[in-house]
Amino acid sequence: METKTCTKCSEIKSVREFTVKRKRADGTVSVKRECRQCIAKRSRHWRNSNREKSRVQQKAWGDAHKELRAAYQKKDRIKHRFIRALSRSHFAAKYGNYQKCSATSDELAMVFTGYCKACGVKEGNRKLCIDHCHITGFFRGWLCQTCNRILGLSGDSEQRLLALAAFLKRANGVT
């Protein structure tokens, strides 16, 4: 593994921790002298020290690149959608005194179809919910908000749901 010393923090790091400056014609690459962490730290410090100038520059770039900014925002929304959903679920579990969902954001993304796993309704303006067992934390699937509420209000009781289905059949005259 190829290493390089950062000129800012003086740590010896893998070349992968440095930003590529340019690619040469022979296929090799030239990397910056500072590691990514030091560059990020320096950039954060500059932005914090020059807040107004930073805002003006960001707004000017955004105004000049509206389509590109919209594409970045869409890509970011898609990328972080499952992370945000899992974060909301963990927050609710913490304050609802139940086990948090054990799935990772990658697992959530892999099984996401855009349809409720229970009733099959397509996701629209209302986002699908993460359904998991509140006792074990096992992820069961994506549900629409209606199905998720019904399941939650029934206390995840299969017997209660079957009894309600039987009641509904009797009440509607179906035997």
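The values are calculated or read from the model by the stated rules, or taken from the named source; none is laboratory data. None of these values were measured; they are calculated from a predicted model. Ideal geometry is used to build each Cβ from the backbone, glycine not excepted, and the neighbour counts take in all protein chains shown.
Worth pointing out:
- Test result for residue 118, small (Gly, Ala, Ser) and assigned to a helix (DSSP H, G or I): no
- Selection within the range 103-119: residues that are surrounded by fewer than 17 Cβ atoms within 10 Å (Cβ to Cβ) and touching a Cys at 6+ places or on another chain (Cβ under 9 Å). The member of this set that is nearest to residue 82 (Cα to Cα) is 115.
- Contact map, the range 89-105: first residue under 22 Å from residue 79 (Cβ atoms), second residue basic (Lys, Arg), Cβ cut-off under 6 Å, separation 6 or more or different chains; pairs are 90/100.
- Positions within the range 122-172 being in contact (Cβ under 8 Å) with a residue 24 or more places away in the chain and part of a loop (DSSP other than H, G, I, E, B), in sequence order: 127, 133, 134, 135, 136, 137, 138, 144
- Test: residue in the range 30-44 that is in contact with a Cys (Cβ under 7 Å, 6 or more places away or on another chain), part of a loop (DSSP other than H, G, I, E, B) and surrounded by 13 or more Cβ atoms within 10 Å (Cβ to Cβ): no
- Residue count for the range 47-83 satisfying the condition of being at pLDDT 90 or above, surrounded by 12 or more Cβ atoms within 10 Å (Cβ to Cβ) and within 30 Å of residue 107 (Cα to Cα): 2.
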